[in-house]
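The values are calculated or read from the model by the stated rules, or taken from the named source; none is laboratory data. Keep in mind the model is a prediction, meaning the values are calculated, not measured. Neighbour counts are summed over all protein chains in view; Cβ atoms, including those assigned to glycine, are modelled from backbone coordinates with ideal geometry.
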2 protein chains.
Amino acid sequence: MLKWYQKQASENEIVLSSRVRLARNVADIPFNSCMTNEQRQQLNQKVTQALHNIHLGENKLHFVSLDSLNEMKRCAMVEKHIVSREFIRYPENRMLIISEDESIAIMVNEEDHLRIQVMANGLNLSEAYQICNMIDDVLDETLRYAFDETLGYLTSCPTNLGTGLRASVMMHLPALEHFGLISRLTSNISKLGMTIRGTYGEGSNVIGSLYQISNQITLGITEQDAIQNLESVTKQIIDAEVNARENLSKEKHRLEDMIFRSLGTLKYARMMSSKDFFETVSNLRLGIAMGYVDEISLITLNELMDLTGTATVCEQAGKELPPIERDYLRAKTIREKLAVE
Amino acid sequence: MLKWYQKQASENEIVLSSRVRLARNVADIPFNSCMTNEQRQQLNQKVTQALHNIHLGENKLHFVSLDSLNEMKRCAMVEKHIVSREFIRYPENRMLIISEDESIAIMVNEEDHLRIQVMANGLNLSEAYQICNMIDDVLDETLRYAFDETLGYLTSCPTNLGTGLRASVMMHLPALEHFGLISRLTSNISKLGMTIRGTYGEGSNVIGSLYQISNQITLGITEQDAIQNLESVTKQIIDAEVNARENLSKEKHRLEDMIFRSLGTLKYARMMSSKDFFETVSNLRLGIAMGYVDEISLITLNELMDLTGTATVCEQAGKELPPIERDYLRAKTIREKLAVE
């Protein structure tokens, strides 16, 4: 079965992925920080039962005890944005429910009792939200959510109060970055109640010109409005990036050179650090999006990103690797993937 | 007909080329700085007549008035080490005699009346000297050389007095350079009456780890001894470089990565400066010599070097080009050459 990031999607030249997640808590159990291990285990059981009759077609759900996975596997899931870094810190009594195509991930006993996350390729917030909402409804039938008529859904951290909804898009903005327009964008976006962050969320550096845009406001707004606001801001950023790319293409030779050197590096390097990988892939993604490169597809780049995270590479080798060996194996994986294309 | 640098040769993994040149002057004509233009023209005629009956098989000689060539063509010949920079500075009344395979170049009316130069691929000083000597004998039959029983051949510059012979080899020494061993080599060599210089001779920078080793002593030594001394020093440097390469190959992953990234760059870049070209070709040459790369031959690299000089690229375009266009055309030439391989 194809993973979500292997599927065709609209606007995927600039928007890599869309993500929606809902934070939910059950009314008659204390918040996570005050729970007993027994209560955590009971919650795992209740959620498993509640999802017993969900209908997702071929996209089956798998129920995984987090401590049944080894550390490498858990870190690989963080790299792939399937679970939060916070979630894998204390794996005991935590459960992950993940769909066959990896688009749906439900963390049980994270900061909140439930974190329901749905990912989609390209700009696909509405679809992701619909699936998230459907799962939310199914769970709501069995579990009684902690809900206040005025405040909305009660959450462990007050920043999530209300809708408990966080939606985000991962955008590739090399041209805006090239022209130094990101800081202006950041300030404009914050006025609209959105925030812009590095590749791996809060406090992380930007690598490969990848920016995560997400909503900040959860109180006094409907889930649908939050999704729509983010979608409309995303479309404005897409327009700005498209304009910047047009300006970039005025220096055609230099742009082409940067793109094709990156392609050459990806096809020939024998060692590839993670940073180096993100930078060359960023150039190549730009080259594909702008029509300079047609021998490689954006979906292949998505697959490459999925294969080459530090923990994922070690997982592939079946052991922890020193940096040199890791970079060597990463380069080999990239070459094989691009040769098959 | 194959050019000299397209022929197979021994030791060509480390020695790119061998060059021998003899400086000669005719007895009854003043040195170049004191000659009239009429005398220069007469000398051109005499030399042309003297070489009329020379037997070089298919490797025919062409007689070229230097001022019949345009500036680009003349600069291209300097890049290819066919003529000296000095020779093209004042093209009037100067004649170049060049063989079909470009291995033989006789400059008439350079600093000396005659500069007879023979080039060969790899380490081939003896062969180059033999041909040089044969041409020298033929010319000596007709022209009476300025010769002194004590001093030997008289030359315009006293540093050439005696044999008038300058022999040199162009060596590729990336491993000695990597380990910082070139300055020690330079000092050792100078004690043996040799000198080490950059890629384009005296005062030029080293690019692509290419070093020119040449003899300094022309007085009190036979031509044969000078050639033999240089050959034996060259062999010692080859041994030192081979040892250094073995040490270099201990960091296998890093070495391989450097080599293959350079191959990727040469195959994919859309702009290539001269410096960039020399550096990447240097890495690739090392990779071929050490057996990492087998899809490309050293002879192809020689051909590439012949095609990509700044003036040669402009000559190909038929006009002077701004740097960006030149670098673009150079990259295109490289890609086409490597794709055909």
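Considering only segment B:316-341, state which residues are within 14 Å of another protein chain (Cβ to nearest Cβ), hydrophobic (A, V, I, L, M, F, W, C) and more than 25 Å from the chain's Cα centre (by Cα).
B:321, B:324, B:339
Specify which of the listed residues (B:255, B:286) is within 15 Å of residue A:270 (Cβ to Cβ), at pLDDT 95 or above, away from chain A (no Cβ under 11 Å) and assigned to a helix (DSSP H, G or I).
Going through B:255, B:286 in turn, just one is within 15 Å of residue A:270 (Cβ to Cβ), at pLDDT 95 or above, away from chain A (no Cβ under 11 Å) and assigned to a helix (DSSP H, G or I): B:286.
All but one of (1) under 19 Å from the mean Cα position of the chain (by Cα); (2) buried (at least 18 other Cβ atoms within 10 Å of the Cβ); (3) within 25 Å of residue A:300 (Cβ to Cβ) hold for residue A:164, so report the exception by its number.
(3)
Can you pull out every residue in segment B:308-341 that is assigned to a helix (DSSP H, G or I) and among the β-branched types (Val, Ile, Thr)?
Scanning segment B:308-341 gives B:310, B:312, B:313, B:324, B:333, B:334, B:340.
Inspect all residues belonging to segment B:61-76 and state whether any of them is in contact with a helix residue (DSSP H, G or I) (Cβ under 9 Å, 6 or more places away or on another chain), surrounded by fewer than 22 Cβ atoms within 10 Å (Cβ to Cβ) and part of a strand (DSSP E or B).
yes
Between a first residue in segment A:133-149 that is in contact (Cβ under 8 Å) with a residue 40 or more places away in the chain and a second residue that is surrounded by 14 or more Cβ atoms within 10 Å (Cβ to Cβ) and assigned to a helix (DSSP H, G or I), which pairs have beta carbons less than 6 Å apart while being 6 or more apart in sequence or on different chains?
A:139/A:50; A:142/A:50; A:143/A:50
In contact (Cβ under 8 Å) with a residue 60 or more places away in the chain and either closer than 16 Å to residue A:235 by Cβ or among the small types (Gly, Ala, Ser) (or both): is that true of residue A:168 in this structure?
Criteria met by residue A:168.
Given the criteria over 18 Å from residue B:337 (Cα atoms) and under 23 Å from the mean Cα position of the chain (by Cα), does residue B:281 qualify?
Against the criterion (over 18 Å from residue B:337 (Cα atoms) and under 23 Å from the mean Cα position of the chain (by Cα)), residue B:281 does not qualify.
From B:150, B:155, grab the single residue that is in a loop (DSSP other than H, G, I, E, B) and exposed (fewer than 14 other Cβ atoms within 10 Å of the Cβ).
Unique residue meeting the criteria: B:150.
Restricting attention to segment B:230-248, does a residue exist that is surrounded by 15 or more Cβ atoms within 10 Å (Cβ to Cβ), facing another protein chain (nearest Cβ under 8 Å) and among the charged types (D, E, K, R)?
No, there is no match, as no residue in segment B:230-248 is surrounded by 15 or more Cβ atoms within 10 Å (Cβ to Cβ), facing another protein chain (nearest Cβ under 8 Å) and among the charged types (D, E, K, R).
Could you list all residues from segment B:93-143 that are of a type in the set (Val, Ile, Thr) and touching a helix residue (DSSP H, G or I) at 6+ places or on another chain (Cβ under 9 Å)?
Within segment B:93-143, B:97, B:98, B:104, B:106, B:108, B:116, B:118, B:138, B:142 qualify.
Looking at segment B:194-206, which of its residues are surrounded by fewer than 17 Cβ atoms within 10 Å (Cβ to Cβ) and at pLDDT 90 or above?
Within segment B:194-206, just B:195 meets the criteria.
Which condition from (1) in contact (Cβ under 8 Å) with a residue 24 or more places away in the chain; (2) within 14 Å of another protein chain (Cβ to nearest Cβ); (3) of a type in the set (S, T, N, Q) is the one that residue B:297 breaks?
(2)
For residues in segment B:1-43 being within 24 Å of the chain's Cα centre (by Cα) and part of a helix (DSSP H, G or I), which is surrounded by the fewest Cβ atoms within 10 Å (Cβ to Cβ)?
Selected residue: B:6.
Restricting to segment A:262-283, name every residue that is within 19 Å of residue A:171 (Cα to Cα), of a type in the set (Ser, Thr, Tyr) and either within 13 Å of chain B (Cβ to nearest Cβ) or out of contact with any strand residue (DSSP E or B) (no Cβ under 8 Å at 6 or more places or on another chain) (or both).
A:274, A:280
On the basis of being closer than 30 Å to residue B:35 by Cα and not basic (Lys, Arg), does residue B:117 make the cut?
yes
Which residue pairs have Cβ atoms under 6 Å apart, sit 6 or more places apart or on different chains, and have a first residue in segment A:307-329 that is surrounded by 17 or more Cβ atoms within 10 Å (Cβ to Cβ) and a second that is of a type in the set (D, E, K, R) and assigned to a loop (DSSP other than H, G, I, E, B)?
That search, which allows pairs on different chains as well, returns A:314/A:320.
Within segment B:264-278, restricting attention to residues that are touching a residue at least 60 places away in the same chain (Cβ under 8 Å) and assigned to a loop (DSSP other than H, G, I, E, B), which residue is surrounded by the fewest Cβ atoms within 10 Å (Cβ to Cβ)?
Among those that are touching a residue at least 60 places away in the same chain (Cβ under 8 Å) and assigned to a loop (DSSP other than H, G, I, E, B), it is B:270.
Among the residues of segment B:44-70, which ones are without any contact (Cβ under 8 Å) to a residue 12 or more places away in the chain and either among the hydrophobic types (A, V, I, L, M, F, W, C) or farther than 21 Å from residue B:121 by Cα (or both)?
B:45, B:52, B:55, B:68, B:70
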